[in-house]
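Since the structure comes first, as structure tokens, the remarks are kept for the end.
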């Protein structure tokens, strides 16, 4: 087996419209939605694909069970999306009123900042420095 690339990211959400509006701000647009399956596929102009899995419990309390509890459970903690400029990304997030939870911070050969989507899923924006 040869893995060539990440094909898409699946993100479980409560409300499709709210999540679509959020990810549209990041440059994604809906490219598939059939109304039967709980999946909405979004893609940006560079071909990065995000699948919204719209079946999260409406009892969502605003906490991320992988990040916001003392006992650290196994699972994917965040998605990292490459950007050309972390400074520009920071300005845009601030203009949109999206709170930055950490950063910008240098991690290895890049700069990263972190924020949350409406369902408390962690998103990292990362600028490579090399």
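Values computed for the structure shown
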| read-out | value |
| --- | --- |
| Given (1) surrounded by 13 or more Cβ atoms within 10 Å (Cβ to Cβ); (2) without any contact (Cβ under 8 Å) to a residue 12 or more places away in the chain; (3) over 30 Å from residue 129 (Cα atoms), number of the condition residue 52 does not satisfy | (2) |
| Qualifying residue in segment 72-90 (condition: farther than 22 Å from residue 8 by Cβ and at pLDDT below 95) | yes |
| Selected residue (criterion: nearest to the chain's Cα centre (by Cα)) from residues of segment 107-130 that are free of Cβ contacts under 8 Å to residues at least 24 places away in the same chain and either within 18 Å of residue 24 (Cβ to Cβ) or loosely packed, with under 12 Cβ neighbours inside 10 Å (or both) | 115 |
| Residue 90 surrounded by fewer than 15 Cβ atoms within 10 Å (Cβ to Cβ) and over 14 Å from the mean Cα position of the chain (by Cα) | no |
| Residues that are closer than 23 Å to residue 51 by Cβ and out of contact with any strand residue (DSSP E or B) (no Cβ under 8 Å at 6 or more places or on another chain), drawn from segment 105-130 | 120 |
| Test: residue in segment 95-104 that is assigned to a loop (DSSP other than H, G, I, E, B), surrounded by 15 or more Cβ atoms within 10 Å (Cβ to Cβ) and either in contact with a strand residue (DSSP E or B) (Cβ under 9 Å, 6 or more places away or on another chain) or free of Cβ contacts under 8 Å to residues at least 24 places away in the same chain (or both) | yes |
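The values are calculated or read from the model by the stated rules, or taken from the named source; none is laboratory data. Because the structure is predicted, anything quoted here is derived from the model rather than measured. Virtual Cβ from ideal backbone geometry, glycine too; neighbours counted across all protein chains shown.
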